[in-house]
Structure formats: structure tokens, C-alpha cells
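Okay, so here's the structure we're looking at.
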Amino acid sequence: MTMRLAWTVALAAVVSGCAARSATLPGLEMRFYETPAGGAAKQRIHEEFTLNATLMGDANLRYLKPAELLKAAETGSARGDPQKLMRAARTLVPGDSVVLLGTVRNTAGGGGSTNLAIYSLALACEKTDLDRPGDLRGCKGYVLRVLRTWPAEVYEIQSATVSFISDGGTAHGRIRAASEPGAFKAELEGEFAASIVELGSGRASADSSVK
């Protein structure tokens, strides 16, 4: 398989949500807070869902900082484009890191597609052997909360605790992370299921093919 095709398979796996699923997973909790200076934190949003993700070896995130993501989403006016932001958040480049990507769509507060909220997690971590259970170290990235209309919410993560157990082309694990201090904050904790894609040798894992 060529490198170009391998990357196509990997990105298709992310977009389509082709990942391992386990009914025993209790799910991942995401909490979003307003944290005014000198005041008590106020919870704005609490979501819980099963996160089906992708673990990619020998890759890196194209954009690592919220400012870079927001710039990539610019439309030439004062407003950004939610679709461009989501594409930028999933943009990868070859590298020596392990990338954890996950996306969940959820209807915010009920209603139709106008209330659709997309939650995206993207972390670039130090290189490790994905065939062995262990921890992902040095993880940095971001959490996004994107609605159909601008503005979107981008939270920078400089440190996350991630452990995983692999089983062939799939893995399950646990994550705990919080965004950097600011006027708003995001926290996430819980378990995830993931498909594994290896790209270092120019081929994708046989188990990462789109289902």
C-alpha cells in the first residue's frame, strides 16, 4: 500500500468513526466551565458518551495551538468557518509522534440539526509501541466544541494522562485531561475505544480498513 493510500485509509477511519466498540465501556465525560477571575467556576455543559477514536503511529498534528486552528478557519471576514475548523483539527502530517483523534456528534439540548454540537479531541503524544499496553506520555493538543454557527470553542491541552491496552488492530484505554487555565475550561475523564493505524512503513494496518 502506498503512503498516499495509507493516509487516505487513516483519515477515512477517523471521519467515518471506524473504531473498536465495546458495550462494557462506561463512556467519556466532558465538562465545560465558565471560570471568571476571582469567582467560583460555573459548569455550563456536561456530556457523556462513548468515544470511538483512532490511534495513529508515526504521525503528528498539523496545528498544535488554538491560535493556529482559528487562523486556519478564517474566511476573510471577522467570522470563522466551523467546517474549516474541523478539517484543520483533523489535519495530520508525517512525524514521530502518536496521535489520538476522536470525534463525537451530539444534539445540544435536544432539537434538530441546528443544535448539533461536534466534540473533537486531538492529542499528539510521544512515540511508543502501540502493540504493547502502556501510557501515552507528553500529550498535547486540544478539545473542540463546534456548533453549526460561529463562534466555536477551542481548549488547549498541555498535559493529559492516557493509558491503553492494545489487542491486534484495536485498543481500549482511559484518559484524563483538563484545558489550560482561562476564562473558560474543559475537563474530560473516562474510557475510549480506538482502532490502530500504523503509517511509518508506508502502509496502514489491515485492521484499519473502513467498515
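Yes or no: Asp131 open to solvent by 10 Å² or more (accessible area, probe 1.4 Å), over 12 Å from the mean Cα position of the chain (by Cα), closer than 19 Å to Ser195 by Cα and at pLDDT 95 or above? Lay out the reasoning, then the answer.
Values: open to solvent by 10 Å² or more (accessible area, probe 1.4 Å): yes; over 12 Å from the mean Cα position of the chain (by Cα): yes; closer than 19 Å to Ser195 by Cα: yes; at pLDDT 95 or above: no.
Here the answer is no, as Asp131 does not meet what is asked.
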- Subset of the stretch 50-62 (residues that are crowded, with 21+ Cβ neighbours inside 10 Å and modelled with pLDDT of 90 or more): Ala53, Thr54, Leu55, Met56, Gly57, Ala59, Leu61
- Of Glu74, Glu47, Glu29, Glu34, the only residue that is surrounded by 13 or more Cβ atoms within 10 Å (Cβ to Cβ), in contact (Cβ under 8 Å) with a residue 40 or more places away in the chain and more than 18 Å from the chain's Cα centre (by Cα) is Glu34
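Give me the residue from the stretch 179-206 that is outside any loop (DSSP other than H, G, I, E, B) and at pLDDT below 85 and, out of that set, farthest from the chain's Cα centre (by Cα). Lay out the reasoning, then the answer.
Just the residues of the stretch 179-206 that are outside any loop (DSSP other than H, G, I, E, B), to begin with: 184-198, 206.
From what's left, at pLDDT below 85: 198, 206.
Numbers: Glu198: 17, Ala206: 22 Å.
Only one residue fits best here, namely Ala206.
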- Item | Residues that are open to solvent by 30 Å² or more (accessible area, probe 1.4 Å) and out of contact with any Leu (no Cβ under 7 Å at 6 or more places or on another chain), drawn from the stretch 77-93 | Ser77, Ala78, Arg79, Asp81, Gln83, Lys84, Arg87, Thr91, Val93
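Starting from residues that are β-branched (Val, Ile, Thr) and modelled with pLDDT under 95, keep the ones in the stretch 92-127 and report whichever is nearest to the chain's Cα centre (by Cα). Spell out how you get there, then give the answer.
Within the stretch 92-127, the subset β-branched (Val, Ile, Thr) is 93, 98-99, 103-104, 107, 114, 118.
When the remaining residues are screened for being modelled with pLDDT under 95, the result is 93, 103-104, 107, 114, 118.
Values: Val93: 15, Thr103: 6, Val104: 9, Thr107: 18, Thr114: 22, Ile118: 11 Å.
The residue in question is Thr103.
Return the total of residues in the stretch 134-146 being open to solvent by less than 60 Å² (accessible area, probe 1.4 Å) and under 17 Å from the mean Cα position of the chain (by Cα). Don't jump to the end; show me each part of the working.
Kept after step one, since they are open to solvent by less than 60 Å² (accessible area, probe 1.4 Å), are these residues of the stretch 134-146: 134, 136, 138-139, 141-146.
From the residues that got through so far, the ones that are under 17 Å from the mean Cα position of the chain (by Cα) too are 136, 138-139, 141-146.
Total satisfying the criteria: 9.
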- Message: Just to be sure I understand, how many residues within the stretch 167-178 are part of a strand (DSSP E or B) and either β-branched (Val, Ile, Thr) or open to solvent by 20 Å² or more (accessible area, probe 1.4 Å) (or both)?
- Response: 7
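When only residues in the stretch 149-166 that are surrounded by fewer than 17 Cβ atoms within 10 Å (Cβ to Cβ) and touching a residue at least 24 places away in the same chain (Cβ under 8 Å) count, which is farthest from Leu61 (Cα to Cα)?
First, the residues of the stretch 149-166 that are surrounded by fewer than 17 Cβ atoms within 10 Å (Cβ to Cβ): 149-151, 158-159, 161, 163, 165.
Pick out the ones that are also touching a residue at least 24 places away in the same chain (Cβ under 8 Å) and you get 149-151, 161, 163, 165.
Working: Thr149: 25, Trp150: 23, Pro151: 22, Thr161: 18, Ser163: 20, Ile165: 23 Å.
Applying the filter and picking the extreme gives Thr149.
The values are calculated or read from the model by the stated rules, or taken from the named source; none is laboratory data. From a predicted model like this one, the values you see are computed outputs, not experimental measurements. For neighbour counting, all protein chains shown are included, and Cβ atoms are generated from backbone atoms with ideal geometry for every residue, glycine included. Accessible surface areas use protein heavy atoms only, side chains included; no ligands, DNA or RNA. Shrake-Rupley method; radii C 1.70, N 1.55, O 1.52, S 1.80 Å.
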